[in-house]
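Q: Okay, handing you the structure first.
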Amino acid sequence: MSTPLLVMPSPGPDLAAGRPRRAWLLALVGLVAVVFVLDIALGPVRIPLRAVVSILGGEVADSPAWAFIVRQIRLPKALTALTVGSGLAVSGLQMQTLFRNPLVGPSALGLTAGAGLGVAVVMLASGNAVGGWAIRALGVGGSWGLVLAATAGAALVMALVLALSARVRDNVVLLIVGLMIASITGAVVSLWQYFSAPEQIQEYLLWTFGSVGGVGGSHLAVLATVVGGGLLVAFASAKPLNALLLGENYARSMGLAVGRSRTLIIGSTSLLAGAITAFCGPIGFVGIAVPHLTRGLLRTTDHRLLLPGTCLVGAALTLGCDCLAQLPGSQTPLPLSVVTSLLGAPVVLWVVLRRPNVRSLFS
């Protein structure tokens with residue numbers, strides 16, 4: 001097995017010593033609950049926090065308008081942010097462990113780019129009746145046409161990556177293949193944009209900003225179901241992930257079926273990243289930054305603790321970013337991907353600069 005550019009830390013004695021961080025996990029659950037309620041309370045229309053809590057508790061609201069805003073608009077948005085944060089963070093953790101590279105995220109295999117290509121086919125195809133119907137009748141956030149197109153694009157890339165993973169045994173080579181797939185699809189979308197009408201480009205750019213505000217009803221149910229399935233597969237892969245931290249040869253010596261485990265991990269990541277990108281657009285840096293924050297917080301490499309911890313930190317961070325995106329007094333929320341990038345990029349820079357082997361590349 002070839003040596004990756006950046007080597008992930010191997011599991012230390014805490015894997016076997018079993019020093020559970022239950023107190024930290026319980027604190028993270030409380031943090032998620034607090035930020036969840038805060039995310040619902042914030043918005044262009046001021047609603048007292050007490051009223052928000054009573055509405056969420058099923059009590060009769062002082063104002064029917066408040067009840068409608070909380071239950072029909074802000075609650076689905078907060079649930080979407082919670083789902084998106086958990087899914088992206090766990091998919092990033094899996095990719096970093098599989099490729100033993102701390103700078104890998106959910107988009108490393110080209111899934112996000114594949115979803116973007118599917119959306120571009122719908123939005124930028126001139127004279128396409130489906131594209132016109134999806135944009136004008138249902139809008140960017142609520143269009144099943146866009147969701148299906150993005151899912152199909154991500155699924156095609158996933159099928160290609162899974163087929164290649166059966167032939168390519170080196171994870172680093174597979175990572176490079178994924179990055180090249182992302183570059184090719186990005187180039188195709190850019191070329192398509194160059195020859196498209198300005199109004200079509202505007203609609204596509206709105207999708208690329210990322211948003212959790214347009215998912216509700218049946219969309220949210222489907223998203224939660226798919227992400228829940230991906231998370232179940234990820235949690236079931238905790239022991240294989242621990243073994244892969246020590247390298248594939250060591251994992252094989254422990255009796256692990258490396259090929260099957262890698263397929264399950266890639267499939268889980270594809271479900272999580274593909275579905276989230278399809279429904280909410282590309283949301284950057286959550287999958288890269290959150291696993292590092294969780295490792296630093298829990299001080300462990302045991303995925304039996306890291307997976308739930310990453311799930312909670314990802315949910316809290318995404319909910320917090322959504323709160324920042326709609327600060328009180330602002331009538332126009334910021335794009336969620338912009339806020340996550342502003343918070344996530346410093347974490348990635350910290351990871352890069354604190355590693356001597358990375359610093360030497362720039363010296």
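Q: Assuming 1.002 mPa s and 20 °C, estimate D for region 167-288 with Stokes-Einstein, Rh taken as the Kirkwood radius over Cα pairs, in µm²/s.
A: Numbers: Rh = 17.1 Å.
Diffusion coefficient, whole number: 126 µm²/s.
Q: Using the charge dipole of region 17-361 (Lys, Arg: +1 at Cβ; Asp, Glu: -1 at Cβ; taken about the Cα centre), state which of Ile73, Leu26, Leu117 has its Cα farthest towards the positive end.
A: Highest projection toward the positive end goes to Leu26.
Q: Let me ask something else about it. How many Å² of accessible area per residue for region 17-361, probe 1.4 Å?
A: 44 Å²
Q: Through the Karplus equation 6.51 cos²θ - 1.76 cosθ + 1.60, θ set to phi - 60°, convert the phi angles of region 302-313 into ³J(HN,Hα) values in whole Hz; use x for Gly and Pro.
A: Running phi through 6.51 cos²θ - 1.76 cosθ + 1.60 with θ = phi - 60° gives 6, 6, 5, 9, 5, 4, x, x, 5, 4, 6, 5 Hz.
Q: On to the next question. If ligands, DNA and RNA are left out, what is the accessible area of Met254 with a 1.4 Å probe, given in Å² to the nearest 10?
A: Its accessible surface works out to 110 Å², give or take rounding.
Q: Let me know the Rg and Dmax you get for region 17-361 when you use only its Cα atoms, in Å.
A: When restricted to Cα atoms, region 17-361 yields Rg and Dmax of 20.4, 64 Å.
Q: Expressed as a whole percentage, what fraction of the accessible surface of region 182-295 belongs to carbon and sulfur atoms when a 1.4 Å probe is rolled over the protein heavy atoms? Display every interim value, and only then the final one.
A: Values: 3300 of 4840 Å².
Answer for region 182-295: carbon and sulfur cover 68 percent of the accessible area.
Q: Right, next: R0 = 56 Å: FRET efficiency of Val60 with Arg299, Cβ-based, nearest 0.05?
A: Plugging the Cβ-Cβ distance into 1/(1 + (r/R0)^6) gives 0.75.
The values are calculated or read from the model by the stated rules, or taken from the named source; none is laboratory data. Computed from a predicted model, the values in this text were never measured in an experiment. All Cβ positions, glycine included, derive from the backbone under ideal geometry; neighbour counts span all protein chains shown. Surface areas here come from the heavy atoms of the whole protein model, side chains and all, with no ligands, DNA or RNA. Shrake-Rupley method; radii C 1.70, N 1.55, O 1.52, S 1.80 Å.
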